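One structure is given below, encoded as structure tokens.
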Amino acid sequence: MAEHKNTSFSRPGGYAMPSGATQGQRKAAVDLPKADIRLYGDSAPGYTPRCRTDLTPRFHAADPDTRVYIGDCRDVLASLPARGEVDLIFADPPFNWDVPYDEWRDGMPRVEYERFTFEWLDACIEALAPHGSLWVNIPDDTAAETVVHLKRRGLTMINWCVWHFRFGQNRESSFIMSKVHALYFVRDAARRTWNADAVLEPSDRATIYSDPRTMAKATNKGMRVPMDVWYGQYWGRIQGNNKERRHLHHNQIPEVYLERVIRSCSNPGDLVLDPFLGSGTTGTVARALGRRSIGIEFSAANAESAWERIVEVGMIRTGDASDRSSAIFQPRKKRRKTPVTP
């Protein structure tokens, strides 16, 4: 079916924006919890969280309030005083790829890993405020199960983003993996925090084509909300001699990734939680941007290293990706009009 020009826009040009995807996701959030959806992990024995009445953070700093707890995130989340009050959760869980995460066993049987995934997701949902947002960083082999579980729990999917990087692990048996999924869900789409202006970037229309239509907008001339595939300078995997790298930590996420998530989905003073703190990227960026934060880490050694980064090293690339074009082509040269010979 051909796409028809939308003449009802208040700005020049443009096409109709289909509303079906957004409406469909909101309807799914209502309908799917009623469906009898079964996943492989449902058949594994469940985990009973060890509720702790004496839960105290191992590390704590003020201005803004920053806390790090040590333990299984399912236990900590079940006992968390701020349960039901968290504005934003970002989770980058173990991928079950036999990575040496200090004390964590990263090689569960598949059925156990899926059950573990559903359990920590449920604990995160219970920790979210009614207007809260949940982001999950997850690879291909568990993305579908994560999406289905969050939908059957009644959350609304806002975006299925992709973090693209250029240096995936070399292999010859299949195409090289160069992406991870960034899943953006909310409890209530009508009440979510969304700060589009905080993450704008130069649009291709402005940087490549010098299109006058983008400069004719009433606001944010030449700018756009980022696309749902994230890439560019400072967006690569943290490895080698990268300034952000924390040695002895695996699968470290770049600061610009967390900066985009935190700026767009929370406000200064809000509470941000990471159930798998790792190298401390979430806490580091949250603190730099004036957000309160809670980090949970299974390994005491990793937690200590993350805390050093959060309170002593701090964020290295604050604003480095702001106002930076993600265009993949050079600017087009304007054609000179050939004078008409009488």
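The values are calculated or read from the model by the stated rules, or taken from the named source; none is laboratory data. The model shown is predicted, which means the values in this text are computed figures rather than measured ones. When we count neighbours, we look across all protein chains shown, and the Cβ atoms used for this are built from the backbone with ideal geometry, even at glycine.
Which pairs do you get when a residue that is over 11 Å from Thr193 (Cβ atoms), found in the range 256-269, comes within reach of a residue that is among the small types (Gly, Ala, Ser) and not in a helix (DSSP H, G or I), reach meaning Cβ atoms under 6 angstrom, with the pair 6+ apart or on two chains?
Val256/Ala321; Pro268/Gly290
Please indicate, with yes or no, whether at least one residue in the range 95-109 is charged (D, E, K, R) and at pLDDT 95 or above.
no
List pairs: first residue in the range 39-50 and surrounded by 10 or more Cβ atoms within 10 Å (Cβ to Cβ), second residue β-branched (Val, Ile, Thr) anywhere in the structure, Cβ distance under 7 angstrom, at least six positions apart or on different chains.
Close Cβ pairs (under 7 Å, with a partner that is β-branched (Val, Ile, Thr)) amount to Leu39/Val148; Tyr40/Val111; Gly41/Val111; Gly41/Thr117; Ser43/Val111; Ala44/Val111.
Which of the residues that make up the range 155-189 are more than 19 Å from the chain's Cα centre (by Cα) and either at pLDDT 95 or above or charged (D, E, K, R) (or both)?
Arg171, Glu172
Go through (1) closer than 30 Å to Arg332 by Cα; (2) touching a helix residue (DSSP H, G or I) at 6+ places or on another chain (Cβ under 8 Å) and name the single condition His164 misses.
The number of the failed condition is (2).
Looking at the range 18-38, which of its residues are in contact (Cβ under 8 Å) with a residue 12 or more places away in the chain and loosely packed, with under 12 Cβ neighbours inside 10 Å?
Those that are in contact (Cβ under 8 Å) with a residue 12 or more places away in the chain and loosely packed, with under 12 Cβ neighbours inside 10 Å: Val30, Ala35.
Is it fair to say Ile238 is β-branched (Val, Ile, Thr) and assigned to a loop (DSSP other than H, G, I, E, B)?
Yes; evaluated as a whole, the condition is true for this residue.
With respect to Lys221, is the statement that it is in contact with a Ser or Thr (Cβ under 8 Å, 6 or more places away or on another chain), charged (D, E, K, R) and farther than 28 Å from Gly132 by Cα true?
yes
Quick one: would you say Val186 is of a type in the set (A, V, I, L, M) and under 16 Å from Ala29 (Cα atoms)?
yes
Residues of the range 116-153 being surrounded by fewer than 20 Cβ atoms within 10 Å (Cβ to Cβ), free of Cβ contacts under 8 Å to residues at least 40 places away in the same chain and farther than 18 Å from Met177 by Cβ, which ones?
Asp122, Val147 - these are the residues of the range 116-153 that are surrounded by fewer than 20 Cβ atoms within 10 Å (Cβ to Cβ), free of Cβ contacts under 8 Å to residues at least 40 places away in the same chain and farther than 18 Å from Met177 by Cβ.
When you scan the range 241-342 for helices (runs of 4 or more DSSP H) that lie fully inside it, which ones turn up with 2 or more residues that are over 18 Å from the mean Cα position of the chain (by Cα) and not basic (Lys, Arg)?
Helices (runs of 4 or more DSSP H) meeting the threshold: 300-308.
What is the residue count in the range 315-339 for residues that are within 22 Å of Pro202 (Cβ to Cβ), surrounded by 15 or more Cβ atoms within 10 Å (Cβ to Cβ), modelled with pLDDT of 80 or more and of a type in the set (A, V, I, L, M, F, W, C)?
Looking only at that region, the number is 0.
Would you check which residues across the range 58-73 are closer than 21 Å to Ser299 by Cβ and touching a residue at least 60 places away in the same chain (Cβ under 8 Å) and list them?
Those that are closer than 21 Å to Ser299 by Cβ and touching a residue at least 60 places away in the same chain (Cβ under 8 Å): Arg58, Phe59, Ala61, Thr66, Arg67, Val68, Tyr69, Ile70, Gly71, Asp72, Cys73.
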